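Written out below as C-alpha cells is the structure these notes cover.
The values are calculated or read from the model by the stated rules, or taken from the named source; none is laboratory data. Since this is a predicted model, take the numbers as computed values, not measurements. Every residue, glycine among them, receives a Cβ derived from its backbone with ideal geometry; neighbour counts consider all protein chains shown. Areas reflect the complete protein model, heavy atoms only, side chains present, ligands, DNA and RNA absent. Shrake-Rupley method; radii C 1.70, N 1.55, O 1.52, S 1.80 Å.
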Amino acid sequence: MSEGQVVSDIELRHDDLAVRVSPQGAAVTAATFRGIPFLVAAGGPDGAMANFAMVPFGNRVEDNAMSFAGRDYAFQPNTSDPLYRHGDGWLSFWQLEDSSPEHAQFTFSRAADKVSPYAYLTRQQIRLAGDALVLTLSVENRGETTLPFGLGQHPFFARTPETRLTIAADRYWSERPDHLPDMPGPVPDCFDFGSEKLLPQRWMNNAFEGWNGRAAIAWPELGIQAALEADGALDRFMLYMPVDRSDFFCLEPMSHLPNGHHLPDLGGLTPLAPGEVLAGEVTILMSALPIQSEGR
C-alpha cells in the first residue's frame, strides 16, 4: 500500500474479531466478536462512527476561547454545537499510511486557522491482536509555539438491558447545563462502578479521575465480555449515556478533563513545545462469558 493513499473503508479481521475502519476520522464504523456487535455506529457527524479519535483534545472549550502563556486564543464552532467540540480529527479525512488484513494506520495534519489555533500531525493505528482491538493515537505539535494538547478515544459500546460495567475512580465531576464539568467530589453511589453493576437508566455525561486505566464490560444476553485497558497519557475517562437512545453508552478514555483549558493544572492537558509528541493506547480484549451452570 503506497504511503499517503486515500482509500474507502477497510475491513480488518482476525479469527472471531472483525472491524471496519473509515478514512473519515480514522474511525471504526463497525466491530463484531463472533458476529456480535460490541461497538455500534452512533456518533460522528452523520452517526456512522462506532469509535473516533479526539485530537488535539476532547470535548468542549468554554466561550470558544483560552489563555495560555500570556496569550489569548479563539476557536469557532466546528459543528452545530455552539462550542468547539472534540477537535478536528473526527470531522476530517485522514490519509492511509499502511495497512494489512489486521491493521490500518492513518495520519492527519492541519495548520492553524480561524477555527482553531492548533497546528499538528496526528497518527491513529487500528490493530487486531488476537481477540483484542488496539487503538494507538499520537499527536505532534507542528505549530510555532507551545500549546496544551490532549487525546482521547470515543467508543460507542453496545448496550443491552443487562449490560454490566466495572470501572473504579476516585473523583467525579458534576455537569453544568452547558455540558461542561462543574464541581469535583466523591463518586456518587449511582455512578460508582467499582464493583460490577448495571448501567443506570438516566442521563449521564460526567468526567472521572483517579483511574487505573482498566475497565470491564459484560453483556450476559450476548454471552460476551470486554476487558478495556488504557495506557500512556490516557488516565481519565468520561461516561456518556443519553436518554433518547438505549442501544449504546460511551466510555471514553482521555488524557484530560473536558474544558481543561479553564481548569486548574489545565485539567490534565499537556503543554507540548513544537516537535513534542503525546500518545496513548486503548486495548479492548474480547472473550466469551463463562457459562453459568444451573444449580441442582
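Pairs linking a residue in the range 32-59 that is at positive phi to a residue that is outside any strand (DSSP E or B) and among the aromatic types (F, W, Y), with Cβ atoms under 8 Å and 6 or more positions apart or on different chains, are G44/W90. When the range 261-278 is filtered for residues that are exposed (fewer than 14 other Cβ atoms within 10 Å of the Cβ) and hydroxyl-bearing (S, T, Y), nothing remains. Picking from residues in the range 93-129 that are of a type in the set (S, T, Y) and touching a Lys or Arg at 6+ places or on another chain (Cβ under 7 Å), the one that is farthest from R142 (Cα to Cα) is T107. Restricting A112, A119, A104, A132 to those that are touching a Ser or Thr at 6+ places or on another chain (Cβ under 6 Å) and in contact (Cβ under 8 Å) with a residue 24 or more places away in the chain reduces the list to A132.
To keep it simple, each residue is scored yes or no on (1) open to solvent by 40 Å² or more (accessible area, probe 1.4 Å); (2) within 12 Å of the chain's Cα centre (by Cα).
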site	(1), (2)
A215	no, no
Q225	yes, no
A230	no, yes
A233	no, no
G280	no, yes
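Mind checking which residues of the range 34-76 are more than 30 Å from L289 (Cβ to Cβ), in contact with a Phe, Trp or Tyr (Cβ under 6 Å, 6 or more places away or on another chain) and not β-branched (V, I, T)? Answer for the range 34-76, where residues must be more than 30 Å from L289 (Cβ to Cβ), in contact with a Phe, Trp or Tyr (Cβ under 6 Å, 6 or more places away or on another chain) and not β-branched (V, I, T): P56, N64, M66, F75. Sub-6 Å Cβ pairs linking a first residue in the range 200-226 that is touching a residue at least 12 places away in the same chain (Cβ under 8 Å) to a second residue that is part of a strand (DSSP E or B) and polar (S, T, N, Q), at least 6 apart or interchain, are A216/T166; A218/Q225; Q225/S287, ordered by first then second residue. Taken over the range 167-193, the residue count meeting the criterion of being surrounded by 12 or more Cβ atoms within 10 Å (Cβ to Cβ) and in a helix (DSSP H, G or I) is 1. Please indicate, with yes or no, whether at least one residue in the range 228-240 is in contact with a Pro (Cβ under 7 Å, 6 or more places away or on another chain) and of a type in the set (F, W, Y). Yes; the residues of the range 228-240 include at least one that is in contact with a Pro (Cβ under 7 Å, 6 or more places away or on another chain) and of a type in the set (F, W, Y). Out of curiosity, is S80 over 22 Å from F237 (Cα atoms) and in contact with a strand residue (DSSP E or B) (Cβ under 9 Å, 6 or more places away or on another chain)? When the stated conditions are applied, S80 does not pass them.
Applying the selection to the range 33-47, what residues are more than 21 Å from D16 (Cα to Cα) and open to solvent by 40 Å² or more (accessible area, probe 1.4 Å)?
The first filter runs over the range 33-47 and keeps only residues more than 21 Å from D16 (Cα to Cα), leaving 42-47.
Residues satisfying the conditions are P45, D46.
May I ask you to verify whether L251 is open to solvent by 50 Å² or more (accessible area, probe 1.4 Å) and within 16 Å of N51 (Cα to Cα)?
Working: open to solvent by 50 Å² or more (accessible area, probe 1.4 Å): no; within 16 Å of N51 (Cα to Cα): yes.
Considered against the rule, which asks whether it is open to solvent by 50 Å² or more (accessible area, probe 1.4 Å) and within 16 Å of N51 (Cα to Cα), L251 comes out as no.
For a quick check of your reading: which strands (runs of 3 or more DSSP E) sit entirely within the range 50-166 and have at least 2 residues that are surrounded by fewer than 24 Cβ atoms within 10 Å (Cβ to Cβ)? Spell out how you get there, then give the answer.
On the way: elements: 51-54, 65-68, 71-74, 95-100, 103-110, 120-129, 132-141, 147-149, 152-158.
Those strands (runs of 3 or more DSSP E) span 65-68, 71-74, 95-100, 103-110, 120-129, 132-141.
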